[in-house]
1. Spelling out what I want: for every residue of the stretch 127-142, take phi, set θ = phi - 60°, compute 6.51 cos²θ - 1.76 cosθ + 1.60 (Karplus), and round to whole Hz; glycine and proline get x.
2. For Gly340, what residues show an amide H to amide H distance below 5 Å, using hydrogens built from the backbone and excluding near sequence neighbours?
3. Order these by the 10 Å Cβ neighbour count, fewest first: Ser398, Ser380, Ser43.
4. What are the ³J(HN,Hα) values, in whole Hz, obtained from phi via the Karplus relation 6.51 cos²θ - 1.76 cosθ + 1.60 with θ = phi - 60°, for each residue of the stretch 50-65 in sequence order, with x given for Gly and Pro?
5. Any idea what the relative contact order of the stretch 151-289 is, in percent, if you count C-alpha pairs under 8 Å spaced at least 6 apart?
6. Can you tell me the FRET efficiency between Asp359 and Ala282 if r is taken as the Cβ-Cβ distance and R0 is 30 Å, rounded to the nearest 0.05?
7. At a threshold of 8 angstrom on Cα-Cα distance, excluding pairs fewer than six apart, so keeping six or more, what relative contact order does the stretch 350-435 reach in percent?
8. Identify all lysines with a Cα-Cα distance to Lys106 below 24 Å; exclude those on the same chain that are fewer than 8 residues away in sequence.
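We did not get these values from a lab; they are worked out from the coordinates using the rules stated. Note that the coordinates shown come from a computational prediction; the quantities given were computed from them, not determined experimentally. Backbone-built Cβ (ideal geometry, glycine too); neighbour counts: all protein chains shown.
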Amino acid sequence: MTEMRTLKVALLGCGNVGAQVARILIEDADALAARTGARLQLSGIAVRNVNAPRDVDLPQELFTTDADTLVKDADLVIELMGGIEPARTLILSALRNGACVVTGNKALLAQDGPTLYEEADKAGVQLSYEAAVAGAIPILRPIRDSLSGDRITRVLGIVNGTTNFILDQMDTTGAQFSDALAEAQRLGYAEADPTADIEGHDAAAKAAILASLSFHTRFALDDVHCEGITSVSAGDIAAAKDAGFVIKLLAIAEKLTGADGKEGVSVRVHPTLLPREHPLAAVRGAFNAVFIEAENAGELMFYGQGAGGTPTASAVLGDLVSAARRLVLGGPGRTETTTGHVPALPIDAATTSYYIGLDVADQPGVLAKIAQLFAGHGVSIEIMRQTIHRDAESNVESAELRIVTHRASEAALAATVEAVKGLDVINSVTSVLRVEGV
Ligand code: NAP
């Protein structure tokens, strides 16, 4: 009987995710060997402080601060340090040395992914990053492999657990944004500096990755239009709820025809109204989900934990076993195909439905005036609902109008809203939000 090959695995980082990866590599060594066809030997763990307390009890002799040397002697490198440097240099060094690399570093991929992908292609090794999007959810491999015989037309993702928790909290308790954020921080769902989450930057990095794999074209962070959730008010949430919608921060990548008649991809992150019966509306708390529309497969939904040490370690181990199998069987590693060559469309070219809240004078003829103005701008109204309010002190009546449009371009909508503001019967435009799934 031939002896099983041993592959050396270097682990860079032993924090929330790295410690769990190390634990599973040691505890499940036999099962992983059986699935891989080679023993995966944890050859060392690079950290900043070898004496720092760890979540998991691991052999002290594995720890080192010399990541450079560790990487040079490995068949497989797992990068879970986070940040740009030294992660970037270490990954490039590993790839140039012919090691397959597994990483969960979406910030690095968003900033400098193309350099890393090219280096992996050049070296003929695998660069995998399932953990970088939606934590434990197997989503990148299904897009890259399972759907490679299909054509994806649209991806809608709830890919940031912190913002989903905050919006869900606002929806269920009626809380203001600042109170829901404070609760997320108290429970450990949001960091002390929540900027990357609440401004949508983390979701934008993931949107770029999802769009790149779905449309076989490399999209960079600059191609992603990004709006966070800081301006979503308790009033917006209540009005949406009243109209049968829920507000979610969505990462969207979809194929559209631009103004010049040519196809392109709109990649964007923004708060979005979804009908409460849409599958993504049921994604509560800090959970993640990705909804895919493909020409032949139809609608697919992937749901699960988007973060956390152990769930994310599951995605890392899946990539590791897949890369190790390739080393055992031989053959080049494949990162992604980039044969799509579809351009990124500017946000003006995106077409969606819109929800518009208006505070209007309670006079006869107001509805007709507004409907005429929308029609004049080529924006057709799907739903128009009016609620009358009476101010208890002044006894003056005002009306609130809620409008949901059919799909229209951003440019047409912006022009319509500007024109609406100029009508003498309008007191104020209370909200303008995009709608999906209608
Ligand atoms: P973490 O808890 O902050 O751990 C980072 C680890 O890297 C620590 O062990 C740290 O060493 C080590 N490290 C940092 N800088 C280093 C340096 N310059 N040299 C050597 N070691 C260094 O991070 P994490 O939460 O596990 O996340 C790791 C990666 O996974 C990040 O890219 C993150 O975006 C991604 N990710 C995380 C999650 C999640 O739920 N946490 C989910 C998806 C993806 P010391 O321990 O000595 O300080």
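1. Once rounded to whole Hz, the list reads 10, 10, 8, 3, 5, 6, 10, 6, x, 6, 6, x, 10, 6, 5, x.
2. Thr217
3. Values: Ser398 15, Ser380 12, Ser43 19.
Listed from fewest to most nearby Cβ atoms, that is Ser380, Ser398, Ser43.
4. For the stretch 50-65, the Karplus curve yields 5, 9, 5, x, 10, 5, 10, 7, 10, x, 4, 5, 6, 7, 8, 9 Hz.
5. Working: 254 pairs, mean separation 47.6, N = 139.
It rounds to 34 percent for the stretch 151-289.
6. Values: r = 32 Å, r/R0 = 1.05.
The pair Asp359/Ala282 has a calculated efficiency of 0.40.
7. Numbers: 160 pairs, mean separation 42.7, N = 86.
Once divided by the residue count of the stretch 350-435, the mean separation gives 50 percent.
8. Those lysines meeting the cut-off are Lys72, Lys122, Lys206, Lys248, Lys255.
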